[in-house]
Amino acid sequence: MSAAFAAPGWLHAVSIAALLLGAACALLLSVEVVRHPQHMTVMNVVWPVSALFGSVAVVWAYFRYGRLATMEANHRAKERGEKPPNMTGTPFAVMVGKGALHCGSGCMLGDVAAEWLAFLIPAVAVWFGWQWAFDEKMYAVWALDFVFAYALGIVFQYYAIVPMRDLSPGKGLVAALKADTLSLIAWQIGMYGFMAFAQFYLFPRLAGQRAPVNSVEFWFAMQLAMVAGFVTAYPVNWWLVGSGIKERM
């Protein structure tokens, strides 16, 4: 299928450049969090994964605000009897953005895993409704995407909330479900919306068909879809963080 997919040369070049930039930014932040671990362990995964789609913007956010939340900075503040610098030096709007990225990184990993699994093993899409509930394979894969993204999102949220609130496993799971469910749904709405636009409208007009999973154009579209997910999840995270349902980061 990928051999028959012929995107315009400019789109192919832009897709490759965007993916390489995202990979370079993710590699940079991977090195950074190894050298300067975050005091919230799960953020050591969130920052590099978010850079895969947020690239330069996420790198800027890390060096401007993520560095305030390292274990070293937190330890120095405790020695002086002060509040952690990430709590005093991070604007509320940025805390909301970090909360949205926390959710989005789980979505990113879940979506990548689901898309490749359904591509390599088409029977998986059948299990999730293709040919018996949906004529479109894409819809079945989206159902699989949601399951994977939701599971990973809850795991990420669990390991953020439990250490901060010192909760039991059961209470931690309930708190993670409350904190992440609406955020993840909002993120997936943005992501699905953009991918539907790309696959049903944009790619058919530019290349004559939808972009297959094993094309750079598909993953460039997924990068943009994740940005769309951030936009739709941000207002929900504003409410969740402001109401105390989701932790300030």
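The values are calculated or read from the model by the stated rules, or taken from the named source; none is laboratory data. Please read all numbers here as calculations on a predicted model, not as lab measurements. Every residue, glycine among them, receives a Cβ derived from its backbone with ideal geometry; neighbour counts consider all protein chains shown. Each accessible area value is taken on the protein alone, full model and side chains, heavy atoms only, with ligands, DNA and RNA left out. Shrake-Rupley method; radii C 1.70, N 1.55, O 1.52, S 1.80 Å.
Data for the structure
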| read-out | value |
| --- | --- |
| Among (1) assigned to a loop (DSSP other than H, G, I, E, B); (2) surrounded by fewer than 18 Cβ atoms within 10 Å (Cβ to Cβ); (3) touching an Asp or Glu at 6+ places or on another chain (Cβ under 9 Å), the one test that Asn214 misses | (3) |
| Sole exception among (1) of a type in the set (A, V, I, L, M); (2) touching a residue at least 40 places away in the same chain (Cβ under 8 Å); (3) farther than 30 Å from Phe203 by Cα; (4) in a helix (DSSP H, G or I) for Val33, by number | (2) |
| Test: Ala160 is open to solvent by less than 20 Å² (accessible area, probe 1.4 Å), out of contact with any Leu (no Cβ under 7 Å at 6 or more places or on another chain) and of a type in the set (A, V, I, L, M) | yes |
| Condition check for Val236: assigned to a helix (DSSP H, G or I), open to solvent by 30 Å² or more (accessible area, probe 1.4 Å) and under 17 Å from Ala18 (Cα atoms) | no |
| Matching residues in region 1-20 - criterion: being open to solvent by 30 Å² or more (accessible area, probe 1.4 Å) and among the polar types (S, T, N, Q) | Ser2 |
| Residues of region 53-86 that turn out to be under 23 Å from Cys107 (Cα atoms) and crowded, with 18+ Cβ neighbours inside 10 Å, as a count | 10 |
| Test: residue in region 149-165 that is of a type in the set (A, V, I, L, M, F, W, C), more than 16 Å from Ala100 (Cβ to Cβ) and without any contact (Cβ under 8 Å) to a residue 24 or more places away in the chain | yes |
| Helices (runs of 4 or more DSSP H) completely within region 107-207 that count 3 or more residues being modelled with pLDDT under 90 | 137-165, 169-197 |
| Any hit, region 21-35, residues being β-branched (Val, Ile, Thr) and buried (at least 19 other Cβ atoms within 10 Å of the Cβ) | yes |
| Residue within region 114-127 that is aromatic (Phe, Trp, Tyr) and more than 21 Å from the chain's Cα centre (by Cα) present | yes |
| Hits in region 166-209 (condition: in contact (Cβ under 8 Å) with a residue 60 or more places away in the chain and not small (Gly, Ala, Ser)) | Lys178, Asp180, Leu184, Trp187, Gln188, Met191, Gln199, Phe203, Leu206, Gln209 |
| Ser55 vs. criteria touching a residue at least 24 places away in the same chain (Cβ under 8 Å) and at positive phi | yes |
| Hits in region 195-249 - residues which are over 14 Å from the mean Cα position of the chain (by Cα), within 30 Å of Asn86 (Cα to Cα) and β-branched (Val, Ile, Thr) | Val236, Val241, Ile245 |
